[in-house]
Amino acid sequence: ASVGFEQEANFLVKLGGAQASTKISAGFDYSSSRSQETTTSLSWSTPAGEDMVVFTCIPYDVYYYEIVQCSDPASVGSIVTVNLPRKPISTSATVEFFNANNGDFPDIGMAILQHSRGNPHSYMSPMTAKQIAGASGFYTPVSGAQTIGQGSGTTTIGREDSATVEESYTGTYAVEVEGEVNVAGATVGAGVEFSGSYSYAYSLTDSTFVEGTVGNILDGAVWANHRFAWGLVSFMHTNAAKVALFPVLTYWTH
């Protein structure tokens, strides 16, 4: 940050005539800068052989009360509940657990994840992946695919998408005051001026990073006949009315 100030004063007096002129000018400049950056990330991962659902929900604390006395005898012995909601959370669960506890929300079934875990030939082809990804999703093209190797290692593909929104504003201002006063036949003139400028900038970046990992084939005797290429595909699942419900991330194989 920096601070500056300047001031000057000029006086002119003419003898023999009752006239005097005075001019006063002053200026002040101030500048400061400040930068701050904050990064927040959320991530979920699932091991091989498991499908996962990431969802946002509102947990409830549920209190159960048994009616032991009531003006209506038929209500005695029944159970009433008091539900107190908490803040929404984002969490994950296996597909089986989600389907068993999702209430009225649609199940995640074969219409969404059209594969059998452990069978690489049950996943969609790269051509189908390209078609289903459409404009709202993405897929790994064949040129960027991974081919599984031999041994106990793994192969991985990652992708990151980000979008940045920036806003900025700059303003300037100036104030000038001038006046003349006649005192005892003397004319006095004065001028004061103040000017400055300010600016404001804001940016927000939203990023999504996805990564897929597929294990190699350990048995070298069968690797050549069973190796395959694979890639990632993401698409928006829609209902019967073609309304987008949620994104799906899975694999294609070839």
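The values are calculated or read from the model by the stated rules, or taken from the named source; none is laboratory data. In this text, all values refer to a predicted model and were calculated from it rather than measured experimentally. Counting neighbours? That spans all protein chains shown, and the Cβs are built from the backbone with ideal geometry, glycine included. With ligands, DNA and RNA removed, areas are computed over all heavy atoms of the protein, side chains included. Shrake-Rupley method; radii C 1.70, N 1.55, O 1.52, S 1.80 Å.
Are any residues in the range 27-77 in a strand (DSSP E or B), aromatic (Phe, Trp, Tyr) and modelled with pLDDT of 80 or more, and if so, which ones? PHE55, TYR60, TYR63, TYR64, TYR65, listed by residue number. All of SER162, SER143 fail the test of being modelled with pLDDT of 90 or more, surrounded by fewer than 11 Cβ atoms within 10 Å (Cβ to Cβ) and either outside any strand (DSSP E or B) or out of contact with any Asp or Glu (no Cβ under 6 Å at 6 or more places or on another chain) (or both), apart from SER143.
Residues of the range 115-133 that are in a loop (DSSP other than H, G, I, E, B) and surrounded by 14 or more Cβ atoms within 10 Å (Cβ to Cβ): HIS115, TYR123. Within the range 239-254, residues that are under 27 Å from VAL142 (Cβ atoms) reach partners that are of a type in the set (Val, Ile, Thr) and surrounded by fewer than 14 Cβ atoms within 10 Å (Cβ to Cβ) with beta carbons closer than 7 Å, at six or more positions or on different chains, in the pairs ALA244/THR238.
The single residue among ILE79, ILE67 that is open to solvent by 100 Å² or more (accessible area, probe 1.4 Å) and over 29 Å from the mean Cα position of the chain (by Cα) turns out to be ILE79.
Pairs linking a residue in the range 202-222 that is farther than 30 Å from SER168 by Cα to a residue that is of a type in the set (Ser, Thr, Tyr) and open to solvent by 40 Å² or more (accessible area, probe 1.4 Å), with Cβ atoms under 6 Å and 6 or more positions apart or on different chains, are THR213/THR154; THR213/THR156; GLY215/THR154; LEU218/SER152.
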